[in-house]
Amino acid sequence: MSLLPKLDTAQLVDRGTKPQHRRSLAMEQNKKACTRASQNKYLIGALVIAPMVLTLAACGGGTSGGSAATKTPAATAAAESNPAFVKAQELFTTNKCISCHGVDLAGKVGPKTNLQKVGSRLSSEQIANKIKNGGGGMPVYKTTISEEEIGLLSEWLNSKK
């Protein structure tokens, strides 16, 4: 029983049948097999890591100094004149709410993330409760954002009717 891999007869004809040629061919085949295995390992790693990165990005898990941080979500003339609403818009951006809800509040992760008219569907208290406790894909923010900040956000979002 030989430890050398089984060789293709066409390759033997091309290379000759001398033992050193068989060893050389076997080494080449082994190298190719190792290269394929290495490439598969990287492909599998990429397929495992990519969804995790996308999930973190969608939930605001990463840090970025990109242009999204400079945009003001759904700014209106009335909101810009109310200092509390300006502060709420800043909170909305700095806490990466725009990663799921979008700069224009239209939602990026399905219809439930659209906040353009959330004030007509939910009361300020219901909005605050959702921010605090999360649920249905929404992360919990009661340990990240203060009660006062949650109040500012809920009042601002409640004005969206």
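Only the coordinates and a few stated rules stand behind these numbers; no lab work does. All values reported here derive from a predicted model rather than from experimental measurement. FYI the Cβ positions are ideal-geometry reconstructions off the backbone, even for glycines, and counts take in every protein chain you see.
Values as computed for the structure displayed
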read-out	value
Cut-off 14 Å between beta-carbons: net charge of the residues surrounding residue 145, Lys and Arg +1, Asp and Glu -1	0
Net +/- balance of residues flanking residue 154 in space, Cβ distance below 9 Å, scoring K and R +1, D and E -1	-1
Net +/- balance of residues flanking residue 109 in space, Cβ distance below 15 Å, scoring K and R +1, D and E -1	+3
Kirkwood hydrodynamic radius of the stretch 107-161, Cα pairs, Å	11.2 Å
